[in-house]
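Peer 1: After the structure tokens below, expect a handful of questions from me.
The values are calculated or read from the model by the stated rules, or taken from the named source; none is laboratory data. Note that the structure is a prediction, hence the values are computed from the model and not measured. Cβ placement follows ideal geometry from the backbone for every residue including glycine, while neighbour counts extend to all protein chains displayed.
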Amino acid sequence: MVIVLGMLIGLHDSLASAQDTAMLDGRVTQQSIAGTICRPDYVDAVSPSFDVLMGHKNRLLAERGISAADGANYALDRRVPVLLGGSPDAPANLDLLPWAGGQGERRKARFVVHLKRCVCEGKMSLSDAQASILGNWSAAYPGFGRASCDAGNVDAAAGSHEIEP
């Protein structure tokens, strides 16, 4: 029984790691942050065109049965944002989030900018920032003050943000 439990835990961990890897940009590592995410023009330099991004958004809207008329209520989200080393266009990294609300894109974007600042100032590792945003970020958001970069109280448990049409 203990062996089976250990195997299941190992399988879960390897699946989570593989999923996270598919979301990440291999150019961004802890050692490369000064030349990548901490560079002011980095996101513009690596992001696909607006038309390509809108194509991804339209595909996700259709997959979820959300009408084009309601599409303006949703943002094309990168589960791991480019500012934190996420892939700019890997399908595994793309999702939809509502713009507004406690789990919305506006709030997530503010949190991402805060986490990036922490990483670029050397107050938090890139992997801790990625774990914070991949986990239950909306629950972790209130725990970060403007001056705080302490990831010790962040719930990095896998969170999800299912979209209902």
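Peer 1: Could you tell me which numbered condition Gly65 fails, if it satisfies all but one of (1) within 20 Å of Asp25 (Cα to Cα); (2) modelled with pLDDT of 90 or more; (3) in a loop (DSSP other than H, G, I, E, B)?
Peer 2: Result: Gly65 passes all but (1).
Peer 1: Please state which one of Asp89, Asp128, Asp77 is closer than 24 Å to Cys38 by Cα, assigned to a helix (DSSP H, G or I) and among the acidic types (Asp, Glu).
Peer 2: Working: Asp89 fails: assigned to a helix (DSSP H, G or I); Asp77 fails: assigned to a helix (DSSP H, G or I).
Checking each option against the conditions leaves just Asp128.
Peer 1: Residue check: is Ser125 under 21 Å from Asp44 (Cα atoms) and not β-branched (Val, Ile, Thr)?
Peer 2: Details: under 21 Å from Asp44 (Cα atoms): no; not β-branched (Val, Ile, Thr): yes.
For Ser125, the condition - under 21 Å from Asp44 (Cα atoms) and not β-branched (Val, Ile, Thr) - is not met.
Peer 1: Then there's this: Considering only residues of segment 35-53 that are of a type outside the set (S, T, N, Q) and in contact (Cβ under 8 Å) with a residue 12 or more places away in the chain, which is surrounded by the most Cβ atoms within 10 Å (Cβ to Cβ)? First the steps, then the outcome.
Peer 2: The initial filter retains those residues of segment 35-53 that are of a type outside the set (S, T, N, Q), namely 35, 37-46, 48, 50-53.
Keeping just the survivors that are in contact (Cβ under 8 Å) with a residue 12 or more places away in the chain gives 37-38, 42-43, 46, 48, 52-53.
Working: Ile37: 24, Cys38: 16, Tyr42: 18, Val43: 15, Val46: 16, Pro48: 11, Val52: 12, Leu53: 16.
Among residues in segment 35-53 that are of a type outside the set (S, T, N, Q) and in contact (Cβ under 8 Å) with a residue 12 or more places away in the chain, the one surrounded by the most Cβ atoms within 10 Å (Cβ to Cβ) is Ile37.
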